[in-house]
Amino acid sequence: MTGSDVVRRYIDIYNSGDSAGLGAFYAEGVVLKDPLSPEPIQGREAVLATGAAFRRAFPDMVWTLTRDPVIASGAIAWELHAAGTMTGSMPGPDGDIPATGRSFAVDMGIFWTLGPDDLITEEHAHFDATGMLTQLGLVP
């Protein structure tokens, strides 16, 4: 499978709502850096738990690949558009944030570092978190 195929398969699984199915892409010691998390999220189980929590908060969230992934030795970079409605509580730094019933749409950049087994060892997500939270009515 090519790097582009891997990204497309990841998005398909993400969009299906199968958070646990994403585990096959991650190394056991993966580190995720995300603008909504004050500290890096460490370990496959913690990354999957975070993904599942956001899926519960945004059960209709859809990711759409917006350009072909860029593949380099041991790394993949890709861009997507994410959109969803907050109908469940979302994890926050001080506890769960109640659902707002509002929708958001943001463009994102995802950067993966791959280990020798082609599993993701690092994931960096970049997007306008303040814009997302504003759309959700969580910041003025």
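Each reported figure results from applying straightforward, stated rules to the coordinates on display, with no laboratory input. Not measured: the values here are computed from a predicted model. Cβ sites come from the backbone with ideal geometry, for glycine too, and all protein chains shown count toward neighbours.
For the chain, the spread of Cα positions along the three principal axes, ordered from largest to smallest, is 43, 28, 24 Å.
Summary of the geometry: the stretch 71-140 and the stretch 36-54, compared by the centres of their Cα atoms, lie 11 Å apart. Here the residues Thr2, Thr66, ranked from fewest to most Cβ neighbours within 10 Å of their Cβ, fall in the order Thr2, Thr66. On C-alpha positions alone, give me the angle between the axis of helix 44-57 and the longest principal axis of the chain, in degrees, nearest 10. In the chain, helix 44-57 runs at an angle near 40 degrees to the longest axis. Computing FRET efficiency as 1/(1 + (r/R0)^6) for Ser89 and His124, where r is the C-beta to C-beta distance and R0 is 22 Å, gives about 0.30.
Using C-alpha pairs under 8 Å with a sequence gap of at least 6, the mean separation divided by the residue count of the chain gives a relative contact order of 23 percent.
Dividing the helix sum by the residues of the chain, where each DSSP H run of 4 or more adds -39500 (n - 2.57), gives a mean residue ellipticity at 222 nm of -7500 deg cm²/dmol.
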